[in-house]
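S.K.: Structure below; questions to follow.
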Ligand SMILES: [Ca+2]
Ligand SMILES: [Ca+2]
Ligand SMILES: [Ca+2]
Ligand SMILES: [Ca+2]
């Protein structure tokens, strides 16, 4: 009986910790010819939400710092922002009709671990900035993959933007990990439960 309870607690702890501490990937495009789970954002304007793992993202397409006149767009070749104007690369982040950006936040705190883009051909075409935190100018890199490692709080605004004249790139994916605090809290609760069960048996 004791062993069964112990095994139950251990499996509960493992399942909870793996679910909560796990890295979550928000996939907008697979880089080949299909739209990923970011399909929920396709052709959407205004405030859009999507939940993956422990995270709910709230995101909005911006043009020149305003949410008016632009929307997200995924196609078979890319995912970006449609500035709804003539000559725009409608599935890319570009500055053909003004600076296009994606402004987003998460429901819980965590660490923004990596960002995967496509089409960064020159230095500093893209910028990833955390309100009140770090700013990352993203230059040409292997497969346009960037290790970020910046922590964020619940609701903190994060902006992915074009950063140069003639800039154009697509968003493939980014990964986030919940902050260790939520993991420690769960571990602590399970530890307490374990002690209480043990006392009842003694
Ligand atoms: Ca579309
Ligand atoms: Ca565009
Ligand atoms: Ca890439
Ligand atoms: Ca480019």
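The values are calculated or read from the model by the stated rules, or taken from the named source; none is laboratory data. All figures in this text were calculated on a predicted structure; none of them were measured in a lab. Note: ideal-geometry Cβ built from the backbone for every residue, glycine included; neighbour counts use all protein chains shown.
S.K.: Between 46, 80, 74, which is farther than 21 Å from residue 147 by Cβ and in contact with a helix residue (DSSP H, G or I) (Cβ under 7 Å, 6 or more places away or on another chain)?
M.R.: 74
S.K.: Here's a follow-up. Out of the range 124-134, which residues are within 16 Å of residue 93 (Cβ to Cβ) and more than 16 Å from ligand 2 (Cβ to nearest atom)?
M.R.: 124, 128, 129
S.K.: Here is a further query. Provide a single number: the residues in the range 149-173 that are in a loop (DSSP other than H, G, I, E, B) and away from ligand 3 (no atom under 16 Å from the Cβ).
M.R.: Final tally of qualifying residues: 9.
Okay, residues lined up against (1) part of a strand (DSSP E or B); (2) modelled with pLDDT under 90; (3) within 11 Å of ligand 1 (Cβ to nearest atom); (4) buried (at least 21 other Cβ atoms within 10 Å of the Cβ):
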| site | (1), (2), (3), (4) |
| --- | --- |
| 40 | no, yes, no, no |
| 44 | no, no, yes, no |
| 51 | yes, no, no, no |
| 76 | no, yes, yes, no |
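S.K.: Could you tell me whether residue 120 is within 16 Å of ligand 4 (Cβ to nearest atom) and surrounded by 15 or more Cβ atoms within 10 Å (Cβ to Cβ)?
M.R.: yes
S.K.: Could you look through the range 44-62, keep only residues that are closer than 21 Å to residue 84 by Cα and touching a strand residue (DSSP E or B) at 6+ places or on another chain (Cβ under 6 Å), and pick out the one that is farthest from ligand 2 (Cβ to nearest atom)?
M.R.: If we take residues in the range 44-62 being closer than 21 Å to residue 84 by Cα and touching a strand residue (DSSP E or B) at 6+ places or on another chain (Cβ under 6 Å), then 47 is farthest from ligand 2 (Cβ to nearest atom).
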